[in-house]
Amino acid sequence: MIFTSLQSWILQVLHTLYFSANSTIQLSLLVIDEIELGLHESAQKRLIQELKKLCLELHCQIICSTHSCTILDCLPPKGRFYLESVDGMTNIFSNISSEYATGKLSAGEKKELSVYTEDEVGCSILQGFLPNPILRRIKIVPIGSDQAVLKQLAAAYRVGNHACIAFCDGDKRQNYEKATSQVKRHLEGRRV
C-alpha cells in the first residue's frame with residue numbers, strides 16, 4: 001500500500017490497529033519500515049508512545065526499522081536490535097544504545113562505553129576476557145598511572161560523560177575507597 005501523505009500513513013496505521021481490535025481479524029504483527037520518515041522529534045515520541053499503548057491493549061507486536069535516535073530512545077533496550085550483514089553473515093546486536101546504532105549506521109563506529117586502563121597490560125586483559133560483541137561496542141583507552149586514570153574519569157564525569165569506567169590493576173583493589181574519594185575530590189576541585 002502506498003500512501004500519498006504523512007498524515008494518511010499515520011492514520012492508516014492507527015486505523016489498522018483499531019480496526020483489528022474491533023473485528024474478527026486479530027492483528028498480531030505489524031512491520032513498518034523507517035517509521036520516523038517525515039516526523040519531527042516530538043511527533044516521533046508521541047507516535048511511539050501511542051503505539052506502545054496500542055500494542056499492550058491489542059496484544060500485538062510492531063517491528064519497525066529506523067535511523068532515528070529519538071525512536072530508539074523511546075524504546076526499552078531489550079526492544080532494540082541492530083542487524084548487520086558482513087561477508088554473507090548476519091550479525092544481530094541486542095540491547096544497543098541509540099548512539100551505538102547510529103554510529104554504526106554512519107560507519108563512525110561510535111562506542112557506547114570508554115574503559116580507562118592504566119596500561120597496555122590492562123587493555124590486553126580486557127581484550128582477552130571480554131567477548132567480541134562487547135569489545136566492538138566499547139573503547140579501551142590505556143591512560144597511564146592509576147592517578148591518571150582517576151583524573152581522566154573525573155574529567156569525563158565533569159563534562160557530563162557518564163559512559164565511562166575505570167579499570168585499575170588488581171593491586172589497587174584494597175584502595176577502592178581511597179580511589180573513590182580521589183575521584184570525588186577531582187570533581188569538586190574543578191567546580192570552584
Taking segment 23-74 as the region of interest, how many residues are among the aliphatic types (A, V, I, L, M) and outside any helix (DSSP H, G or I)?
-> 11
Of the conditions (1) over 28 Å from Tyr100 (Cβ atoms); (2) surrounded by 12 or more Cβ atoms within 10 Å (Cβ to Cβ); (3) polar (S, T, N, Q); (4) at pLDDT 70 or above, Ser20 fails just one. Which one is it?
-> (4)
Pair list, Cβ < 9 Å and 6+ apart or interchain, from segment 111-134 residues that are farther than 16 Å from Val149 by Cβ to residues that are in a helix (DSSP H, G or I) and among the hydrophobic types (A, V, I, L, M, F, W, C) = Gln127/Leu135
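This table checks each residue for (1) within 28 Å of Ser68 (Cβ to Cβ); (2) at pLDDT 80 or above; (3) touching a strand residue (DSSP E or B) at 6+ places or on another chain (Cβ under 9 Å); (4) among the small types (Gly, Ala, Ser).
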residue	(1), (2), (3), (4)
Asn95	yes, no, yes, no
Pro131	no, yes, no, no
Ile143	no, yes, yes, no
Arg173	no, no, no, no
Lys184	no, no, no, no
Arg191	no, no, no, no
Examine segment 75-94 for a residue that is assigned to a helix (DSSP H, G or I) and either in contact (Cβ under 8 Å) with a residue 60 or more places away in the chain or among the β-branched types (Val, Ile, Thr) (or both), and state whether such a residue exists.
-> no
Selection from segment 119-147 of residues that are farther than 26 Å from Ile92 by Cα and part of a loop (DSSP other than H, G, I, E, B) = Asp119, Ile143, Gly144, Ser145
Could you grab me the full set of residues in segment 58-85 that are out of contact with any Leu (no Cβ under 9 Å at 6 or more places or on another chain) and farther than 26 Å from Glu112 by Cα?
-> His59
With respect to Leu56, determine if the residue is crowded, with 17+ Cβ neighbours inside 10 Å and in the same structural domain as Thr16 (by TED's automatic domain parsing).
-> no
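The values are calculated or read from the model by the stated rules, or taken from the named source; none is laboratory data. This one's a predicted model, so the numbers in the text were calculated from it and none came from an experiment. Because the Cβ atoms are built from the backbone with ideal geometry, glycine has one as well, and the counts that use them run over all protein chains shown.
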